[in-house]
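*Asks:* Below: one structure in C-alpha cells.
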Amino acid sequence: MPDALLLLIAVGFPFAGALVAGLLPTHARNAAAWLAGGVALVGLAMVWSAYSIVQAGGVIRYSAAWMPTLGLEFSLRMDGFAWLFAGLVFGVGVLVVLYARYYMAAEDPVPRFFAFLLAFMGSMTGVVLSGNLIQLVFFWELTSLLSFLLIGYWHHTAAARDGARMALTVTATGGLCLFAGVLILGHIVGSYDLDAVLAAGDRVRASPLYLPALVLILLGALTKSAQFPFHFWLPHAMAAPTPVSAYLHSATLVKAGVFLMARLWPVLAGTEAWFWIVGTAGLCTLLLGAYVAIFQHDLKGLLAYSTISHLGLTTLLLGLNSQLAMVAAIFHVINHATFKASLFMAAGIIDHETGTRDIRRLSGLNRLMPFTARLAMVAAAAMAGVPLLNGFLSKEMFFAEALSAKGSVPVFFDVLPVAAMVASAFSVAYSLRFIHGAFFGPDPVDLPKKPHEPPAWMRFPVEVLVLACIVIGILPAATVGPYLDMAARAALGTEPPEYSLAVWHGFNRPLLMSVIAFVAGLGLYRLLQDHLGKGIEGPPLIRAFEGRRMFERTMVFLSWRLARTVEGLIGTRRLQPQLRLVVCAAVLAAGWAVWLRGLGPGNLVPSGIDPVLAMIWALGAAFALGAAWQAKFHRLAALILLGGAGLVVCVTFVWFSAPDLALTQLLVEVVTTILLLLGLRWLPKRLDVPGTRGSEAITLTRRLRDLGIAIAAGAGMAGLAYGVMTRFPPELLAQHFLELAYSEGGGTNVVNVILVDFRGFDTMGEITVLGAVALTAYALLRRFRPASDSVDVPEQQRDQSAFDMAHPDRKEGDTVAEWLFIPSLIARLLFPLIVMVALFLLLRGHDLPGGGFAAGLTVAIAMILQYMFGGIQWVETRLRVLPMRWMGIGLLLAAGTGLGAWIFNRPFMTSYFTYAELPVLGKIPVASALLFDIGVFALVVGSTVLILIALARQSLRGHRAATPRPAETPAAAEPVPTAVGDD
C-alpha cells in the first residue's frame with residue numbers, strides 16, 4: 001500500500017464508519033461498538049505503519065488538486081509531531097470505544113453516539129494531518145460542531161444543552177478568528193501550504209501583519225484549549241457522557257489548541273508578543289484552574305478544572321520561547337493524556353456503579369471497589385507528580401524551565417518558579433481530595449446504587465492507561481524517549497537540544513521545588529479539609545467571578561440589548577423598509593467602489609438597437625412598471641404582469657439565439673409564478689386604513705423617495721453592465737469556451753458544459769444554496785398559520801355554492817372538485833409523459849438545449865399539476881416523493897462526481913466523457929458530468945417539491961381552522977406529511 005494512501009485512509013475511514021453507524025438500528029449496541037472499535041484500530045494500524053518513515057525524519061504527503069488556480073488543494077502531511085498526535089487520537093479512541101460499550105445505558109441510542117464519536121475522530125485526525133491551513137481550519141470548525149453534538153448527546157437535560165451551546169459558541173467564534181488569522185498568514189507567505197508556511201518564519205515575524213495574524217490565530221488556539229479568559233466553557237462540557245469527557249478533554253479537542261501553537265511555533269514564536277500573550281494566558285490558566293479544582297464537589301468538575309490547569313502548564317511552556325520548554329510541553333501532552341483519560345474513566349465508573357459523583361456523598365470506596373480505587377489512586381498520584389510516575393517527570397522538566405527562563409522583564413521570571421510551585425501544590429491538594437474523598441473514610445450511605453466493581457472489560461482501558469503511567473514513570477527513556485525525540489524534532493524543525501529523561505538527576509533545585517510543593521499541598525489539603533467537608537460552595541476570593549454567569553450576561557447583552565437596539569434603529573416587520581435598506585446598502589457599496597476606481601465607456605462602440613427588439617423591451621418595461629404599480633393594490637394582477645416581464649426576457653434570449661437560457665427562463669417562470677400564486681392565497685387581505693391629516697403628503701414623499709432609490713439602483717446596474725460589456729469583445733471570452741467545450745468537456749452545448757464542467761464548482765455552490773433556501777422555506781412554513789381572513793371560503797367558491805343551490809338536480813355532496821374531473825384526469829395522464837420529456841431534456845443537455853436544471857423544473861411542473869388538480873391528500877396517498885432524500889442524493893451525487901476525479905489524481909470536478917450506443921435512444925454522451933447533472937436534477941426536484949408541499953399543506957390547516965371542533969373533543973395532532981417522509 002502506498003504510504004500516502006495511509007493518510008487518506010486514516011482521515012476518511014472514521015467518516016465512513018460514522019456514516020455506517022448512523023444507519024444502524026437504534027438497538028444495535030454491539031454492532032455499533034464493534035464497528036467503532038474496528039475503525040479506531042484500523043486508524044491506529046495506519047498510523048503505526050508509518051512509524052519507520054517518520055522516525056527517520058521523513059514526511060509522508062498526500063495531495064489532491066482542489067482549485068489549483070487559487071492555490072488550494074486537499075493536502076495531508078504526517079511528520080513525527082503529527083504522528084504522535086494521530087497516535088493519541090486513535091489509541092485513546094480505541095480505549096474510549098471499549099469503555100463506552102459498557103458505560104452507555106441500554107436505552108441510549110448508542111449507534112448515534114458512536115457515529116458522532118467516529119466523525120469527531122476523523123475531524124481531529126484531519127486537524128493534525130492537514131497539510132494546508134485552510135483545510136486545517138475546516139476540520140477545526142468540524143471538531144467544534146461535532147463536539148457540540150457529543151456534549152449535548154443527552155439533549156433531554158438542560159445542563160447538556162447549555163454546556164454544548166457554550167462550548168460551540170466559544171470554540172466556533174475562536175475558529176472564525178483562526179480563519180481570519182490564517183488568511184493573513186497565507187497572504188504574508190504567499191501560500192497556505194504548511195511546508196511553505198513553516199519555512200517562512202523569518203518573513204512572517206518581520207511582516208507588519210505579524211501581530212494581527214498572531215492575535216487572531218492565538219484567539220482560535222486559546223479558545224479551543226480553554227485558556228484564560230476563555231476557560232469557563234470546559235467545566236460545563238462535563239454534562240456530556242463520561243466517555244466523551246475522557247476523549248475530548250484528555251487527548252483530542254482541548255489538545256487541538258496546544259497542537260496548533262506547537263505546530264506554528266517555528267513560525268510565530270520567538271517574539272515578545274508571543275511570550276506575553278501565550279505565556280500570560282498559560283500562567284493565569286495554570287494557577288486559576290488548579291485553585292478552583294480544589295473546591296469542586298463533582299469528580300468530573302474537579303478533573304475539568306485540573307485539565308484547564310494542565311493545559312495552562314503546557315501553554316506556558318510553549319510561551320517561554322525555549323526549545324527545551326517545547327520538548328517539555330510535548331512530553332506533558334503525552335503524560336496528561338494517559339493519566340487524565342484514566343481518571344475520567346475512573347470517575348465514570350464511580351458514577352456508573354454508585355449513581356453519584358458528589359465527593360461529599362462518597363467515601364470508603366476503597367473497600368467496596370478495591371481494583372478501581374487502586375487504579376484511580378495511581379492515576380491521581382501521576383497527576384499530582386508523585387515520583388516513579390510519568391507526571392513527575394514532566395513536572396520536573398517544567399520546574400527546570402521555570403528556573404532557567406530569561407527575558408526582558410526580570411521580575412516576571414523571578415516570580416515564575418514560585419508560581420510553578422504554588423500551582424504544583426494546588427495539584428497535590430486536589431489530587432488528595434479526589435483520592436481521600438472518594439476512597440477513604442467510612443462506608444458510604446444513602447447512595448442511589450450499591451457500589452460494586454464494574455465489568456472487567458469496562459475497567460480494562462483504565463488498567464492500560466495506568467500501566468502506561470507507571471511504565472513511563474519508571475523507564476521513560478526506553479518507552480517514550482524515541483517518540484518524544486521524533487516529535488520534538490519535527491515540531492522544532494531542527495534537532496532538539498540535549499535533554500535527559502532519567503528518573504534521578506540528583507539533589508537539585510527542581511527536586512527541592514517538588515518536595516516543597518508536595519509538602520505544601522499536603523498542608524493545604526489538611527487545612528481545607530474541614531471546610532470542604534462542610535460543603536463550601538465555590539472557591540473563596542473569586543466566587544463572584546463565575547464564568548458561566550459572565551458568559552450568559554455577555555450573550556444577553558449581544559442577543560438582547562445590543563440586538564434590540566440595532567433592530568429598533570434599522571429593523572422593521574414590513575418587507576418594504578427591509579428591502580429599502582438592502583438596496584441602499586448595495587447602491588452605496590457599489591457607488592463607493594466606482595468612485596474609487598472610476599467607471600466609463602470602454603473601447604467598443606455600441607451597436608444599433610433593432611426596432612422590433614426595442615418594442616419587445618418596451619413591452620417588458622411596461623409589464624415591470626405595471627407589476628410594481630399593482631403590487632400596492634392587486635397582488636394577482638402584479639403577479640401576472642411580473643410573469644409577462646419574465647416572458648419578455650425569455651423572448652429576448654430567443655432573439656439572441658440562446659435557447660438553453662430561454663428554456664430555463666420559461667420553466668422558471670412557470671414554477672415560480674405558480675408557487676407565488678399558492679403563497680398569495682394565504683396572505684391576509686389588504687385593509688384600507690383611513691388617512692390622517694397630512695398623510696397624503698407623507699405618502700407622496702415616501703413614494704418619491706422609493707422612486708429615487710429604484711432609479712438609482714436600476715441606473716447603477718445599467719451603467720455597470722454598459723461599462724463591462726464595452727470593455728473588450730465578448731467574442732474573445734466566448735471563443736475560449738467554444739473551442740474547449742467539446743475537446744475538454746465532451747459536449748456541444750456550450751452553456752451546459754460551462755455549468756457542469758468549467759464552472760461546476762460554482763454550480764455546486766448554487767444548488768447547495770437552493771437546497772438551503774428550500775429547507776428554510778419549509779421550516780418557516782411549518783410554523784406558519786394562515787391569516788384568519790384567508791381561511792374563509794374564497795369568494796369564487798361561495799359563488800359556486802350559490803350556483804349549486806340554484807340547480808337542485810345536482811347530487812347532494814357534489815363539490816367543485818367534480819367539475820375539475822376532466823382537467824384532473826388529463827393531468828394524471830400527462831404525468832408520465834412530462835417525466836419522459838424531463839428525462840429527454842436531462843440526457844440531451846450536454847449536446848443540445850436541456851440539462852439537469854431544466855429537467856428538474858419540468859418534473860416540478862408535473863408535480864404541481866398533480867397537487868393543483870388532485871389535491872394534497874390524493875397525491876400523498878398515491879405518490880411518495882420524499883423531497884429531502886432527493887435533495888440529499890443530489891448533493892451527494894454532485895460532490896461525489898467532483899471527488900471521483902481524485903481517484904485518477906485529477907483536480908476536483910475534472911470530468912471524463914465518452915459516447916455510448918443505447919437501444920431506441922441511439923448515441924448519447926456518457927460523461928462524468930452527466931452524474932453531476934443528475935445531482936442537479938435531483939436537488940431541483942427535491943427543493944421545488946419541498947416548497948410545494950409546505951404551501952399545499954396550508955390548505956389542510958386552513959380547513960381545520962375553518963371547521964372548529966366541539967369543545968369537549970381534544971384537538972388532534974397535526975399529521976406528518978407522508979410526502980416528505982424524512983421530516
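*Asks:* For Ala158 and Trp560, what is the calculated FRET efficiency with R₀ set at 30 Å and r taken between the beta-carbons, to the nearest 0.05?
*Replies:* Between Ala158 and Trp560 the formula returns 0.95.
*Asks:* Here is a follow-up. Taking amide hydrogens as modeled 1.01 Å from N in the peptide plane, which residues meet the under 5 Å criterion relative to Gly845, leaving out close sequence neighbours?
*Replies:* HN-HN under 5 Å from Gly845: Gly851.
*Asks:* Starting from 0.36 nm per residue, how many nanometres of slack lie between Trp276 and Ser743 once their C-alpha separation is accounted for?
*Replies:* That pair, Trp276 and Ser743, stretches by 162.2 nm at full extension.
*Asks:* For the stretch 668-680, in order, what is each residue's ³J(HN,Hα) by Karplus, 6.51 cos²θ - 1.76 cosθ + 1.60 with θ = phi - 60°, in whole Hz (x at glycine and Pro)?
*Replies:* Those phi angles translate into 4, 4, 5, 5, 5, 5, 5, 5, 5, 4, 5, x, 4 Hz.
*Asks:* Output needed: percent of Cα pairs per 5 Å distance bin for the stretch 270-526, bins running from 0 to the one holding the longest distance.
*Replies:* Here the calculated profile for the stretch 270-526 is 1, 7, 14, 18, 18, 16, 11, 8, 5, 2, 1, 0.
*Asks:* Modelling each spin label as a point 7 Å along the Cα-to-Cβ direction, I'd like the Trp504/Arg549 distance in nm, to one decimal.
*Replies:* In this crude label model, Trp504 to Arg549 measures out at 5.2 nm.
*Asks:* Given bins 10 angstrom wide, list per bin the percent of all Cα-Cα distances in the chain, short to long.
*Replies:* Over the chain, the share of Cα pairs per 10 Å bin runs 2, 9, 16, 19, 17, 15, 11, 7, 3, 1, 0, 0 percent.
*Asks:* Could you pull out the pairs from Lys300/Lys450; Lys395/Lys449; Lys255/Lys300 whose alpha carbons sit more than 27 Å apart here?
*Replies:* Over 27 Å apart, Cα to Cα: Lys395/Lys449.
*Asks:* Also: What whole number of Å gives the distance from the Cα centroid of the stretch 235-290 to the Cα centroid of the stretch 1-32?
*Replies:* So the separation of the two Cα centres works out to 28 Å.
*Asks:* For the chain, what's the relative contact order in percent, using C-alpha pairs closer than 8 Å and at least 6 residues apart?
*Replies:* Relative CO of the chain lands at 9 percent.
*Asks:* Here is a further query. Can you tell me the length gained on complete extension of the stretch Glu107 to Leu892, counting 0.36 nm per residue apart and subtracting the Cα distance?
*Replies:* Length gained between Glu107 and Leu892: 279.4 nm.
*Asks:* Another one. Starting from the exponent 0.38 and prefactor 2.2 Å, build the expected Rg for the stretch 92-147 from its residue count and divide its actual Cα Rg by it.
*Replies:* Taking N as the residue count of the stretch 92-147, the ratio is 1.31.
*Asks:* If amide H atoms are built 1.01 Å from N in the plane of the peptide, which residues on other chains or at least 5 residues away come under 5 Å of the amide H of Asn132?
*Replies:* Ser75, Leu194
*Asks:* Kindly write out, for the stretch 833-840 in residue order, the coupling ³J(HN,Hα) from the Karplus curve 6.51 cos²θ - 1.76 cosθ + 1.60 (θ = phi - 60°), rounded to whole Hz, with x marking Gly and Pro.
*Replies:* For the stretch 833-840, the Karplus-derived couplings read 5, 5, 5, 5, 4, 4, 5, 4 Hz, x marking Gly and Pro.
*Asks:* Which residues does a label at Ala628 reach in the stretch 551-594, if reach means a backbone N under 14 Å from a point 7 Å past the Cα toward the Cβ?
*Replies:* From the stretch 551-594, the list is 580, 583-584.
*Asks:* Putting +1 on Lys and Arg Cβ atoms and -1 on Asp and Glu Cβ atoms, find which of Met261, Val519, Ser49 reaches farthest to the positive end of the dipole of the chain.
*Replies:* Value computed over the given set: Val519.
*Asks:* Here's a follow-up. Exposed loop sites here are chymotrypsin sites (Phe, Trp or Tyr not before Pro) in DSSP loop states with at most 12 other C-beta atoms within 10 Å. What is the longest stretch of the chain lacking them?
*Replies:* The longest uninterrupted stretch comes out as 1-503.
*Asks:* Another question, if that's okay. Could you let me know the centre-to-centre spacing of the stretch 879-945 and the stretch 55-132, using Cα atoms, in angstrom?
*Replies:* 29 Å
*Asks:* Show me, for the stretch 633-640, the HN-Hα J-couplings you get by feeding each phi into the Karplus relation (A = 6.51, B = -1.76, C = 1.60, θ = phi - 60°), rounded to Hz, glycine and proline as x.
*Replies:* For the stretch 633-640, the Karplus-derived couplings read 10, 9, 5, 4, 5, 5, 5, 5 Hz, x marking Gly and Pro.
*Asks:* Right, something else. Can you give the helix-only mean residue ellipticity at 222 nm for the chain, where every DSSP H stretch with n ≥ 4 adds -39500 (n - 2.57) and the sum goes over all residues, rounded to the nearest 500 deg cm²/dmol?
*Replies:* -23000 deg cm²/dmol
*Asks:* Moving on. Please go through the stretch 694-766 and write out the trypsin sites (Lys or Arg not before Pro) that DSSP classes as loop and that have at most 13 other C-beta atoms within 10 Å.
*Replies:* Counting only loop positions with at most 13 other Cβ atoms within 10 Å, the trypsin sites (Lys or Arg not before Pro) in the stretch 694-766 are Arg727.
*Asks:* Still on this structure, I have one more. What are the trypsin sites (Lys or Arg not before Pro) within the stretch 335-431 that DSSP puts in a loop, where the Cβ has at most 11 other Cβ atoms within 10 Å?
*Replies:* Filter output for the stretch 335-431: Lys406.
*Asks:* Between Leu527 and Leu475, what is the spin-label point distance in nm, taking each point 7 Å from the Cα along the Cα→C-beta axis?
*Replies:* The two pseudo-label positions are separated by 4.2 nm.
Every read-out reported here was derived from the displayed coordinates using simple, explicitly stated rules and does not represent laboratory data. Small disclaimer: the values here were computed from a predicted structure and weren't measured. Quick reminder, even Gly has a Cβ in these numbers, built from the backbone with ideal geometry, and neighbours come from all protein chains shown.
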